[in-house]
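The values are calculated or read from the model by the stated rules, or taken from the named source; none is laboratory data. This one's a predicted model, so the numbers in the text were calculated from it and none came from an experiment. Here Cβ is always computed from backbone atoms with ideal geometry, including for glycine, and neighbour counts include all displayed protein chains.
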Amino acid sequence: MGAPQTAAEGRLAMRKALTSMLAVAVSLGVAHATEAQTRGTAQGFGGFSVNQSVDALPSLGGNVTMALTEHVHVIGEVGRLGNVAPSLTSSLLEVPGVHVSALYGEGGLRALAGGSNSAVRPYVEGTFGVSRLDVSSTRLNSFGNALTDVGTSFLDRNSPTMGVGGGVLLRTGPVMFDVGYRYKQLLDTNVLSTVFGLGQSLSSSDLRVGVGFRF
């Protein structure tokens with residue numbers, strides 16, 4: 001049989017055991033924090049333009065974010081801008097009932113305040129991508145709009161697009177609500193932009209609300 005364990009040896013063994021338990025606890029805490037910081041979000045949203053005086057059509061879409069760090073997320077977004085024509089053009093096109101909307105896809109970065117598990121997280125973001133103009137009329141039937149689509153297909157309808165905005169994320173459990181503002185501007189001065197913009201930029205200033213979840 002071995003020699004009886006002294007009090008000093010017992011304290012040393014207990015200290016080693018406590019140190020090991022603390023190390024395991026810290027490792028689990030770091031792993032949990034890392035997991036929380038690398039979560040992503042997915043949401044759908046809808047909004048309306050605040051820069052159109054007439055016939056403002058809704059903007060719809062969805063986005064996905066992935067956390068690079070706790071306060072910086074990469075974002076990918078697709079959607080439809082209901083009306084990108086400037087207010088003067090919108091007024092002139094109201095009589096023939098012509099709408100100039102745009103389908104877009106963008107990517108960018110979002111900077112967030114607060115912690116990853118905070119109930120309220122303000123944010124700002126910047127994005128860049130491409131849009132495709134769509135011209136239609138409420139005065140034409142589906143066949144007439146199809147002809148319009150064919151006619152404009154011979155023109156360049158694609159345009160580089162930038163977006164900036166901000167808002168507040170409200171979280172309750174895995175569910176997330178997003179209230180914010182977005183400004184999107186089409187940068188290209190192609191034929192369609194010149195015709196329907198009358199020399200002004202095609203853009204959209206939207207207030208929007210989104211609902212999504214964290215994963």
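Rundown of residues vs (1) in a loop (DSSP other than H, G, I, E, B); (2) over 19 Å from ASP134 (Cα atoms); (3) modelled with pLDDT of 95 or more, yes/no style:
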residue	(1), (2), (3)
GLY151	no, no, no
SER159	no, no, no
VAL164	no, yes, yes
LEU169	no, yes, yes
ASP178	no, yes, yes
TYR181	no, yes, yes
THR189	yes, no, no
LEU192	no, no, no
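Please pick out the residue among GLY126, GLY115 that is more than 17 Å from the chain's Cα centre (by Cα), closer than 15 Å to VAL72 by Cβ and at pLDDT 75 or above.
Details: GLY126 fails: more than 17 Å from the chain's Cα centre (by Cα).
Exactly one residue qualifies, and that residue is GLY115.
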